[in-house]
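Novice: First, the structure itself, so that you have it in front of you.
The values are calculated or read from the model by the stated rules, or taken from the named source; none is laboratory data. Quantities reported herein were computed from a predicted structural model and do not represent experimental measurements. Virtual Cβ from ideal backbone geometry, glycine too; neighbours counted across all protein chains shown. Ligands, DNA and RNA are stripped out before the accessible areas are found, and what is left, the full protein with its side chains, is counted by its heavy atoms. Shrake-Rupley method; radii C 1.70, N 1.55, O 1.52, S 1.80 Å.
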Amino acid sequence: MSGHEIMAQRITTIVAELYQHGFVSRLKLMDEFNISERTLYRDLNRLGDRIIHDGNGIYRLAPAYVKPISLNNLQSLVRIFDMEDVFPTKKYYHSLISPH
């Protein structure tokens, strides 16, 4: 694998982790990829304004690039965590706005 392919693979992994977890840790990435801090900064700089540094080595997606969670995804999470009784249902909302 060429150096450019390895770099592209690292950046792809970083972007995937940002979308999956909402943040990445500088120290974790350096350890995971076995790269220097300077190499990681070059990789992060390639992402430009898509990421922001939160301090303490934590990077997040810039707000303009954060994908809002869909209602279907939110409902799936509610089911996965068995929290249906905590969140109102569509039927409940309709009962509030329907005339009695």
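Novice: Given Cβ point charges of +1 (Lys, Arg) and -1 (Asp, Glu) and nothing else, what value in debye, to the nearest 20, does the dipole of the range 20-79 about its Cα centre take?
Specialist: That gives the range 20-79 a dipole magnitude of about 160 debye.
Novice: Another one. Please report Rg over Rh for the range 5-76, where both radii come from the alpha carbon positions and Rh follows the Kirkwood definition. It would help to have the intermediate numbers written out before the result.
Specialist: Values: Rg = 13.1 Å, Rh = 12.9 Å.
Taking Rh as the inverse mean 1/r over Cα pairs, Rg/Rh reads 1.01.
Novice: What list of ³J(HN,Hα) couplings, whole Hz, do you get for the range 52-67 from phi and the Karplus terms 6.51, -1.76, 1.60, once you set θ to phi - 60° and write x for glycine and proline?
Specialist: Once θ is set to phi - 60°, the couplings for the range 52-67 become 10, 8, 8, x, 6, x, 9, 10, 10, 5, 5, x, 5, 10, 6, 7 Hz.
Novice: Please work out the FRET efficiency for the pair residue 52 and residue 4, using the Cβ-Cβ distance as r and a Förster radius of 25 Å; give the result to the nearest 0.05.
Specialist: According to the calculation, E is roughly 0.45.
Novice: With every protein chain kept in the model, how would you rank 67, 28 by accessible area, 1.4 Å probe, largest at the top?
Specialist: Final ranking, largest accessible area leading: 67, 28.
Novice: From the phi of every residue in the range 30-38, what ³J(HN,Hα) in whole Hz does the Karplus formula 6.51 cos²θ - 1.76 cosθ + 1.60 yield, where θ is phi - 60° and glycine or proline is x?
Specialist: Result, rounded to whole Hz: 4, 5, 4, 8, 6, 10, 7, 4, 4.
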